[in-house]
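To start, the structure under review is shown below, and the notes come after it.
Only the coordinates and a few stated rules stand behind these numbers; no lab work does. What you see is a predicted model, and the numbers here were worked out from it, not measured in a lab. Reconstructed Cβ throughout: ideal geometry from the backbone, glycine too, with neighbour counts over all protein chains shown.
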Amino acid sequence: MSRHDDSGFALEAKVFDEPWQAQAFAMTVALHQKGLFSWGEWAEALSSEVKKPDAAADGHDYYEHWLAALEKLLAAKGFAATSDVDAYAAAWERAAHATPHGKPILLENDPQAHAPG
């Protein structure tokens, strides 16, 4: 049985299912606090993403849309080009595959980071 606070919300309720979701949330708040965008701009960007036809009816992909909204908003404002975000995401993916289980994933672990170029 769940305990509830005075408002009726369960006290054990998880807000985030994965650490990256909390990080995306915190990054959004921090970037707003730095003045990179207004809450109105953020609400419009997020709303546009979650209203897409491919959004899950049960909302399980909410933070994927959150992240997509943040990436698009930062690209639209000229703070982070989509190509740069995609390149870093690919580098992190390669680094994750190259990192031994139980070790921290570091961008330096990307095998292509050390390729002659």
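The figures follow:
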read-out: Student exercise, the range 21-80 dipole from Lys, Arg, Asp, Glu Cβ charges, in Debye to nearest 20; value: 280
read-out: Candidates per trypsin sites (Lys or Arg not before Pro) in the range 23-117, loop by DSSP, up to 16 other Cβ within 10 Å; value: Lys34, Lys51, Lys77
read-out: Dipole magnitude (debye, nearest 20) for the range 43-117, charges at Cβ of Lys, Arg, Asp, Glu; value: 120
read-out: Gain in span if fully extended, Lys77 to Lys103, counting 0.36 nm per residue against the direct Cα distance; value: 5.8 nm
read-out: Gyration tensor verdict on the range 21-80 (Cα atoms; rounded if a/c is under 1.5, prolate if a/b is larger than b/c, oblate otherwise); value: prolate
read-out: Difference of contour (0.36 nm per residue) and Cα-Cα distance, Glu93 to Lys52; value: 12.2 nm
